[in-house]
Amino acid sequence: MERSLRDPTPAFVAGTTKKPAPPSRTRRSGPYTSGEEDFAVRNSGVKSVLVTGGAGFLGSHLCERLIDAGHDVLCVDNFYTGNRRNIARLLGHPNFELMRHDVTFPLYVEVDQIFNLACPASPIHYQHDPVQTTKTSVHGAINMLGLAKRVGAKILQASTSEVYGDPTVHPQREDYWGHVNPIGMRACYDEGKRCAETLFFDYWRQHGLRIKVGRIFNTYGPRMHPNDGRVVSNFVVQALKGAPITICGDGSQTRSFCYVSDLVDALVRLMNSPDDFTGPVNLGNDSELTILELAQHVIRLCNSPSKIIREPLPSDDPRQRQPDTTLARERLGWQASTQLDEGLAKTIAYFEETLASGRQPSPGS
Ligand code: NAD
Ligand code: UDP
């Protein structure tokens, strides 16, 4: 049964344990006066979309993309690592709602699609409270899958290249099962994300849910947190300040960096792919480089006097990482197109502005 578009209940109903209204397939704000308008809205393709972790780095860019496409977006975030400033442009937009909520607790809303991004993503942040990290991935997945099942929503999981651990197969294809230390410092994140994938596929097999699993490889761009320890933000901030560039280990470990707008494009394409395509699918840029090469790019682009210094390699740090993106090309018609220098230039401009303004976005603000 469709919820009547004249029903005054907001499309996103929160904070109640009573049985919620059936899902709305379309939503718009404001009153509806004629049956013709109802018909037009119902056929406009406007969707109610939930983005968990929507105030974070990737989530905020995704919310913007969805709003710009005309959808109604509910951003759910507990501001553990996210920031209100990331979504400043959207606050007050009639199609945007923000809800402070922790996904480890059940959520009762009506939506058509769920992008499940809530989870701290940088090693410093996810290792700060590892038990909470596992809970966010596992309980969060259970709660969001339960919501998707109840309202018949399509649901996408922001999984990660970390499910491959320190890979023994290179480049990584989706059929590689990975090489993860289950008791190491990274396990709260890696195993939490692996368990979330398990839950997604069990809900698909057992309950026929429409699921999408995207394995995101290292992504960078504006709105990365300057102090979260990720390599691109660290190197750019260090280079702009003329401070030493901290290379962990000998810098020969590799990563493949994807610019944020490319990644958001992939997430939207994955969500809108045919129902028979569940993934998992690698989402990333397949140009691989060493961390030392990345440092040299950043120093050159910032025209920085910074010198390189060595720091110990963190435990279980993957030696090499490169996505095989054949499946994404074939099934999503998607390929990352932003060159590293172009993406780094935009990221550097963002951090220059952030540092000049003296703003240090702190998680929770
Ligand atoms: P981020 O830390 O900027 O964003 C995560 C968001 O989730 C933050 O806004 C945070 O406050 C929120 N959050 C954390 N725990 C929560 C909880 N219990 N309830 C509600 N909200 C919660 O990280 P990001 O880089 O934007 O990553 C987003 C997603 O993409 C994560 O799931 C991450 O695992 C995945 N991912 C990111 C990358 C990358 O390179 N950025 C790579 C692989 C996977
Ligand atoms: N790294 C580094 N210097 C830094 C931060 C990170 O050399 O200041 C290295 C880190 O050891 C890893 C790589 O850069 O080998 C990527 O680290 P990041 O935390 O960005 O991502 P992940 O390890 O999760 O891929």
Determine which single condition Leu301 fails, assuming it passes every other condition in (1) surrounded by fewer than 19 Cβ atoms within 10 Å (Cβ to Cβ); (2) within 15 Å of ligand 2 (Cβ to nearest atom); (3) touching a residue at least 12 places away in the same chain (Cβ under 8 Å); (4) over 30 Å from Tyr203 (Cβ atoms).
-> (2)
Would you call Leu344 more than 29 Å from Gly70 (Cβ to Cβ), in contact with a Leu (Cβ under 8 Å, 6 or more places away or on another chain), in contact (Cβ under 8 Å) with a residue 24 or more places away in the chain and of a type outside the set (S, T, N, Q)?
-> yes
Which residues, counting only those in region 193-232, are in a helix (DSSP H, G or I) and within 15 Å of the chain's Cα centre (by Cα)?
-> Lys193, Ala196, Glu197
Where Arg319 falls short, out of the listed (1) crowded, with 16+ Cβ neighbours inside 10 Å; (2) touching an Asp or Glu at 6+ places or on another chain (Cβ under 7 Å) = (1)
Cβ pairs under 6 Å, 6+ apart or interchain, first in region 64-78 and under 11 Å from Met99 (Cα atoms) and within 16 Å of ligand 2 (Cβ to nearest atom), second aromatic (Phe, Trp, Tyr) and at pLDDT below 95, ordered by first then second residue, are none
Can you name the residue in region 262-278 that is out of contact with any helix residue (DSSP H, G or I) (no Cβ under 7 Å at 6 or more places or on another chain) and not charged (D, E, K, R) and, of all such residues, is farthest from ligand 2 (Cβ to nearest atom)?
-> Pro274
Write out, first by first residue and then by second, each pair whose Cβ atoms fall under 6 Å of each other, whose residues are 6+ apart or on separate chains, and whose first residue, in region 313-333, is farther than 30 Å from Gly251 by Cα while the second is part of a loop (DSSP other than H, G, I, E, B) and of a type in the set (A, V, I, L, M, F, W, C).
-> Arg331/Phe277
By residue number, the members of region 198-220 that are under 17 Å from Lys154 (Cβ atoms), of a type in the set (A, V, I, L, M, F, W, C) and within 16 Å of ligand 1 (Cβ to nearest atom) are Leu199, Phe200, Ile211, Val213
Filter region 87-142 down to the residues that are under 27 Å from Lys47 (Cα atoms) and free of Cβ contacts under 8 Å to residues at least 12 places away in the same chain, then identify the one that is nearest to ligand 2 (Cβ to nearest atom).
-> Ala88
For region 164-179 the number of residues that are within 13 Å of ligand 2 (Cβ to nearest atom) and either without any contact (Cβ under 8 Å) to a residue 60 or more places away in the chain or part of a loop (DSSP other than H, G, I, E, B) (or both) is 2
Where His125 falls short, out of the listed (1) in a helix (DSSP H, G or I); (2) within 8 Å of ligand 1 (Cβ to nearest atom); (3) buried (at least 24 other Cβ atoms within 10 Å of the Cβ) = (3)
A careful count of residues in region 94-110 that are surrounded by fewer than 16 Cβ atoms within 10 Å (Cβ to Cβ) and either more than 23 Å from Thr134 (Cβ to Cβ) or modelled with pLDDT under 95 (or both) gives 1
From Gly140, Gly54, grab the single residue that is in a helix (DSSP H, G or I) and either within 19 Å of Tyr203 (Cα to Cα) or near ligand 1 (Cβ under 10 Å from one of its atoms) (or both).
-> Gly140
When region 183-192 is examined, which residues are found to be assigned to a loop (DSSP other than H, G, I, E, B) and touching a residue at least 12 places away in the same chain (Cβ under 8 Å)?
-> Gly184, Met185, Arg186
Counting just the residues of region 235-248 that are near ligand 2 (Cβ under 8 Å from one of its atoms) and buried (at least 21 other Cβ atoms within 10 Å of the Cβ), which one comes out farthest from Asn303 (Cα to Cα)?
-> Ile247
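The values are calculated or read from the model by the stated rules, or taken from the named source; none is laboratory data. As the structure is a prediction and not an experimental result, all values here were calculated from the model. Neighbour counts are summed over all protein chains in view; Cβ atoms, including those assigned to glycine, are modelled from backbone coordinates with ideal geometry.
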